[in-house]
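The values are calculated or read from the model by the stated rules, or taken from the named source; none is laboratory data. Bear in mind the structure is a predicted one, so any value in this text is a computation, not a measurement. Here the Cβ is made from the backbone with ideal geometry for all residues, glycine too, and neighbour counts use every protein chain on show.
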Amino acid sequence: MLTLFTTPKAFRGHINVIQRNALRSWKLLDPDAEVIVFGGDEGAADVCHELGLRHEAEVARSASGTKRVDSIFGRAQEIARHTTLCYVNCDIILTKDFVEAVRRVRVWRENFLMVGCRWDTEVTTPIDFARFDWGEELVRLARTEGYRRFYYNIDYFVFRRGMYAEIPQLVIGRVGWDHWLVGRAHADRVPIVDATDTVCAVHQNHDYGYHPKGMTGVWYDTEAKRNLELTRRSVRPRTIEDAEFRLTATGIERNRMHRLAPTKRAVREGIRLSRAWMQTHVWHPLLNATRPVRHALGLRKGAKPEGLQGSKRRRHWLDAR
């Protein structure tokens, strides 16, 4: 059927709760589903023994001790019982819609990469998997109170054994490695399928306390920069937006907008740079020049005259970090 593999963080506190939720949900996908957990992180061996999962403690790491993608993917493809594999982040809960999506794509093509967007959802307690409707309730919660992330957040990759024969020494837990995986498939002309419309992958919200600098470190530390350097040397990084096909309720359809993905990225980057230039060369000098007048009128930072407060725009939980 399917081999799912992952690498967790230490099983402590809230992370312990959500990782156990994720692993238990994968075990329930199918009686023949295999789950492999990589890394000797605190609590991993005990959880694998408790849940009946395969544990591979030895993983190659960077000089800083961060686990390497090539080691995990390479070993998983060597030892998996099944020819269809799925790397999935250890905070993602999957339900029966995922199994059905994999089945449909496997019937469609022998070789493929299936990815999809996630739904960020507040989950703070252990899920009662004994309830027959736990999956339906969780999906309902995600779709009504959660937040569907964008095309660049990729948390699962379904592929055939052998597709990733060579991977640079990228590290997991920093930016860039996920986009390289999609870029490699795209460069090798492997059909990429976006399953967002049919799979509700539930991402359980958490903080970034595992990194000393939080989310800033995940995006901008030395290892993150190294990841980005390595990806740009081999293939052009891609995202879900580049998928040539979409899995829908009625079948697999061509995504006719995928060719515009590079143009969209270029436009968004241009807008970002323009905004940065405006802030540095126009907005900040204007604020400095008008500060005495604004202070005299009581218009200080964070204050707006009564009647000028705009309506609150919905914010994502990551926006404030």
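Yes or no, residue by residue, for (1) buried (at least 20 other Cβ atoms within 10 Å of the Cβ); (2) without any contact (Cβ under 8 Å) to a residue 40 or more places away in the chain:
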residue: ALA130; (1), (2): no, yes
residue: GLU145; (1), (2): no, yes
residue: ILE167; (1), (2): no, no
residue: LEU181; (1), (2): yes, no
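Every listed requirement among (1) in contact with a helix residue (DSSP H, G or I) (Cβ under 9 Å, 6 or more places away or on another chain); (2) under 11 Å from CYS200 (Cβ atoms) is met by ARG140 save one, (1).
Of note, LEU247 does not satisfy the criterion of being out of contact with any Leu (no Cβ under 9 Å at 6 or more places or on another chain), at pLDDT below 80 and either small (Gly, Ala, Ser) or over 30 Å from GLY65 (Cβ atoms) (or both).
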